[in-house]
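The next block holds one structure in the form of C-alpha cells; read it before the comments.
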Protein chains: 2
Amino acid sequence: MSKASSSVDRVYDRVRHMAANFEFKPDERINESALSTALGASRTPLREALNRLVAEGFLTFQNGRGFFCRSLSPEKIVDLYEARQAIECEALRRSVERASDDEIATVLAYLDDTEPHYNTSDSTVEVLEMDEDFHIRLAQLSKNSELVRLLRNINDRIRYVRLVDLKMILAKKQIARNKGAKLSAHRIILNALAARDEKAAVAAMRGHIERRREEATEAVRIAYSQLYVPAD
Amino acid sequence: MSKASSSVDRVYDRVRHMAANFEFKPDERINESALSTALGASRTPLREALNRLVAEGFLTFQNGRGFFCRSLSPEKIVDLYEARQAIECEALRRSVERASDDEIATVLAYLDDTEPHYNTSDSTVEVLEMDEDFHIRLAQLSKNSELVRLLRNINDRIRYVRLVDLKMILAKKQIARNKGAKLSAHRIILNALAARDEKAAVAAMRGHIERRREEATEAVRIAYSQLYVPAD
DNA sequence: GCATTTTATGCTGTATACAATTCTGTATGA
DNA sequence: TCATACAGAATTGTATACAGCATAAAATGC
C-alpha cells in the first residue's frame, strides 16, 4: 500500500494545486529554474509536470518563451460553467438509466450526513469541498468515467472563482441560510433522480449551475481584486 | 507567418497521430529510446510530449514502468460517445442563442460544397475528415472555445473506431446512399438551428450520435481484428 | 529627449550521462 | 512440472551541461 510516487508526481500535484489557486498570477510567466529549486527537483521532472498541466488547461505554453499561468477572464469562466452544465446534465441522464436505488440512497445518505455541516460551516474551503464531493459522487452514478474525469478537471479549473463566489454568497445571506426549511438544490436534484424523473432532474441541475454561471462575471472581478491586493 | 515549431511540438504532433490511429497497439508499452531515435529527437522532448498525451487521454503512465497506449474497450468508447453527445448538444443549445444567421449560412454553404463529395467519396478517411470538420464548425458557432477544445480531443480519441465504423456502414449501404433524396442528418440539425428550434436541433444531434454509439461495441470488435491482422 | 542599435544577461530547449529500477532469461530446488 | 532465486540486460528517472534564443539594459545617433 505504499505510494512510491516519483518526483514528477510530487511536483505535478504541487504545481497543479498552485495553478488551481492562482498562486501564479494570471498570465504570469513561470521561471523553471526558480520553481524547480523551490520544489526540490531538477528542471526535467518539473517540465514534464508543466507539460501535463498545459494539456489539462491549467497553464499555457509559448515556444521559446516558456510556461505561463492561464489567463483569468469572465468569458473563459463562463465557458467552463457551460461545459460543466453539459457534463453534469449528461451524467444525470445516464444515472437515471443506470444508477441503482441503493446507489442513489448512498448519495442521499452522504447528503444527510454532510448537510448540517454544509449549512453552518464558516470555512468556504470546506463548504466547496463538500459541494464538489457531492457533485462527483452524483456524476459517478452515471458509470461513465470519462464524464467524471472531465468534471474533475473543470471543477479544479474554476475552483478559485467558485471560492470567491461562495464567499460572496455567504457574506450576503449570512443571516438567512438553508437550515432545512427549504429543500436544498442538491436534494431536489437527487429526489428527481430517485423518482427517475429525467426532465426534472436535468432541469434542476441546469438551473443550479446556471445561477452560479450568472454570477461568474462579478466573481471574476472580485477574484482579480483579491489576487492583486497583497494583504488578506 | 513562420511556424517555428520546436522539437517537442513536432514530436507531439507525430506521436499524437500515432496514438490516435493505434499505431501503438492497445496497452502496448512504449519504448522511449527506440521511439526517440525513430523520430530523430532525444528522450527529453519525447517525454514531454508523452506527458501531454497522458493528460489528454491518449496514453497512460505507470510509475517506473513508463508509458503505454490507452486500452481499447467498448465501454471506453461508449463513454466517449456519451461525452460527445454532452458536448455537442450543449454547444448546439448555445449556438441557438448566439450564432448569427450569417454564421449559420456559412456552415450551410460548407455543407453544400462538401456534400457531393461526402456522398460519393470512397475514402473513409476523407469522409470522416469532412464529417469532423462539419461538427467542429458547428460547435464553433457556440462561441465556447472550451466546448470546441473538448470536442476536438474526443474526436481524436474515437477516430480510429469511427473509421472502422464508417467502413462498416459504407460496406453495407454501398448501393443506396444519400444522394439528396433524403435530407442528411447534418442538414436536419442545421436547419433546426437556423429555425432557432432548440429542441428539434438537440434531438436530431442526440439521435445522430446515438446511432453511432449503438454500433460502438461492434465497431470495437472489428477494430481489434483489424489491428491484429498484419495484412490489410 | 527620443528612437534605434548593440551588448549583455538570463532563461529556455535539448542532448547526454548515470543511477535506480524493472524486466527477462536461466538455473536451482522441491 | 512448477515455483523461486538470481544475474544480466534493458529501460526508466533525474540531474546536469550547454547551445540558442529572447528579453532587458546600455550605448549610440539624431
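The values are calculated or read from the model by the stated rules, or taken from the named source; none is laboratory data. If you're wondering where the values come from, they're calculated on a predicted model, not measured in any experiment. Cβ coordinates were reconstructed from backbone atoms using ideal geometry, including for glycine residues, and neighbour counts include every protein chain displayed. Note: accessible area is taken over every heavy atom of the protein model, side chains too, but ligands, DNA and RNA are not part of it. Shrake-Rupley method; radii C 1.70, N 1.55, O 1.52, S 1.80 Å.
Just a few scattered comments:
- Stokes-Einstein D (µm²/s) once Rh is taken as the Kirkwood radius of region A:94-232 over alpha-carbon pairs, at 25 °C in 0.890 mPa s: 152
- Computed over the alpha-carbon pairs of the protein assembly as shown, the distance histogram in 20 Å steps reads 21, 55, 23, 1 percent, short to long.
- In the assembly of identical copies, A:T37 has its label point, taken 7 Å from Cα in the direction of the beta carbon, separated from the corresponding points by 3.7 nm (ascending, one decimal).
- Hydrodynamic radius of region B:62-161 by the Kirkwood approach over all distinct alpha-carbon pairs: 15.2 Å.
- For the chain pair A and B, buried accessible area totals roughly 3100 Å², probe 1.4 Å, rounded to the nearest 100.
- Residues of region B:74-104 that lose at least 50 Å² of accessible area (1.4 Å probe, protein heavy atoms only) when the other protein chains are present, relative to their chain alone, are B:D79, B:E82, B:A86, B:E90, B:R94.
- In the context of the full set of protein chains, residues of region B:74-227 present 45 Å² of accessible surface per residue (probe radius 1.4 Å, heavy atoms only).
- Region A:7-69, accessible surface, carbon-and-sulfur percent (1.4 angstrom probe): 47
- 7 Å along Cα→Cβ, label-point gaps from A:T217 to other copies, nm, shortest first: 4.8
- Relative contact order for region A:74-227: 40 percent, from Cα pairs under 8 Å spaced at least 6 residues apart, divided by residue count.
- Rounded if a/c under 1.5, otherwise prolate or oblate - chain B, Cα gyration tensor axes: prolate
- Other copies of A:T106: label-to-label distances in nm, shortest first, labels 7 Å along the beta-carbon direction: 4.8
- Loop sites here are trypsin sites (Lys or Arg not before Pro) outside DSSP states H, G, I, E and B with no more than 15 other Cβ atoms within 10 Å. The longest part of chain B free of them is B:66-172.
- A cut-off under 15 angstrom between Cβ atoms defines the neighbours of A:T217, and their net charge, with Lys, Arg +1 and Asp, Glu -1, is -2.
- Computed about the Cα centre, the dipole magnitude for region A:1-152 is approximately 1080 debye when only Lys and Arg (+1) and Asp and Glu (-1) carry charge, each at its Cβ.
- Portion, in percent, of the accessible area of region A:74-227 that falls on carbon or sulfur, probe 1.4 Å: 54
- The residue in chain A that lies nearest, by its beta carbon, to the axis linking chain A with chain B is given here with the distance in whole angstrom as A:A55, 2.
- At least 40 Å² accessible surface lost relative to isolated chain, residues of region B:20-59 (1.4 Å probe): B:E48, B:N51, B:R52, B:A55
- Chain B: most fluctuating residue of B:Q62, B:Q140, B:Q85 per GNM, C-alpha cutoff 10 Å: B:Q62
- Principal axis analysis of the Cα atoms in region A:120-165 yields extents of 33, 21, 10 Å, listed in decreasing size.
- Across the alpha-carbon set of region B:7-69, the Rg to Rh ratio works out to 0.91, Rh being the Kirkwood radius.
- Per residue, the accessible area of region B:7-69 comes to 42 Å² when a 1.4 Å probe rolls over the protein heavy atoms.
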